[in-house]
Amino acid sequence: MAPPALWLLRHAQPLIAPGVCYGQLDVPADPQHTLQAALRAGAALPRQAVVRHSPLQRCEQLAHALQAPEALLVPDARLQEMHFGRWEGQAWSTIARPELDAWGQDLYHTAPGGGESLAAMLQRVSSALRHSWAQDSRHGQRDVVWVTHAGVIRCVQWLLQYGHAQPRAQDWTLPAPAFGEWLRLPLAGMATTVRTLQS
């Protein structure tokens, strides 16, 4: 049996035009893609796990589609994508270049579209990670599944690798799984890192 892990599962393809900034817009995912993703993930994920998910429907759809009877399903607003404020619903190509440049120049502190800064997002994902470690995994003893978004998955990787360090735009190159795919992070050895996030 594989040791317990944190499974970061990205929602299926959303039903929105390509090139649109959607962030926390509550758009649904393609039902067929969701079902296919649930079947793939269901064959790999542990059955007795806490399944924590973003309350946005594209994640909720997948969480419900893959849920095993033994799993505990928990919505968590901290697992939502970044909020892009007034940019949401706009094509990226129509957002004013000076606004995009300002965000790129200070990725950590600038709130894109007046929404949420990366600093604020890292803080809420850190809170979710600490809580999930202590309560869901029982300090590394039980598998945990997050059904979430690319931005959250990048935040988890950053926090585990760099802690409270402030990323610049050129640093923010962490990979994210494709729609309906996942990243598995073993819980073994995560205790020390999680403790540093509490300071």
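Looking at the range 144-165, which of the residues that are touching a residue at least 40 places away in the same chain (Cβ under 8 Å) and not in a helix (DSSP H, G or I) is farthest from the chain's Cα centre (by Cα)? So that I can check it myself, show each step before the final result.
First, the residues of the range 144-165 that are touching a residue at least 40 places away in the same chain (Cβ under 8 Å): 144-153, 156.
So of that shortlist, the ones also not in a helix (DSSP H, G or I) come out as 144-149.
Details: Val144: 13, Val145: 11, Trp146: 7, Val147: 7, Thr148: 4, His149: 4 Å.
That would be Val144.
So Ala134 fits all but one of (1) part of a helix (DSSP H, G or I); (2) under 16 Å from the mean Cα position of the chain (by Cα); what number is the exception?
Of (1) part of a helix (DSSP H, G or I); (2) under 16 Å from the mean Cα position of the chain (by Cα), only one is false for Ala134: (2).
If you go through the range 170-199 one residue at a time, how many are modelled with pLDDT of 95 or more and either in a helix (DSSP H, G or I) or in contact with a Pro (Cβ under 9 Å, 6 or more places away or on another chain) (or both)?
Number satisfying all stated conditions: 2.
If the Cβ limit is 6 Å and pairs must be 6+ apart or interchain, which residue in the range 46-61 that is among the charged types (D, E, K, R) pairs with which residue that is modelled with pLDDT under 95?
Filtered contacts from the range 46-61: Arg47/Ala68; Arg47/Glu70; Arg52/Val74.
Just checking, how many residues over the range 110-125 are touching a residue at least 12 places away in the same chain (Cβ under 8 Å) and either under 20 Å from Leu159 (Cα atoms) or in contact with a strand residue (DSSP E or B) (Cβ under 8 Å, 6 or more places away or on another chain) (or both)? Break it down stepwise before answering.
In the first step, residues of the range 110-125 are kept if they are touching a residue at least 12 places away in the same chain (Cβ under 8 Å); the result is 111-116, 118-119, 121-122, 124-125.
When the remaining residues are screened for being either under 20 Å from Leu159 (Cα atoms) or in contact with a strand residue (DSSP E or B) (Cβ under 8 Å, 6 or more places away or on another chain) (or both), the result is 111, 116, 118-119, 121-122, 124-125.
Of the residues in that region, 8 qualify.
Just to be sure before I move on: is Asp136 of a type in the set (D, E, K, R), surrounded by fewer than 21 Cβ atoms within 10 Å (Cβ to Cβ) and farther than 11 Å from Leu9 by Cβ in the structure I sent?
Values: of a type in the set (D, E, K, R): yes; surrounded by fewer than 21 Cβ atoms within 10 Å (Cβ to Cβ): no; farther than 11 Å from Leu9 by Cβ: yes.
Against the criterion (of a type in the set (D, E, K, R), surrounded by fewer than 21 Cβ atoms within 10 Å (Cβ to Cβ) and farther than 11 Å from Leu9 by Cβ), Asp136 does not qualify.
The values are calculated or read from the model by the stated rules, or taken from the named source; none is laboratory data. Owing to the predicted nature of the structure, the values given are computational and were not obtained by experimental measurement. For neighbour counting, all protein chains shown are included, and Cβ atoms are generated from backbone atoms with ideal geometry for every residue, glycine included.
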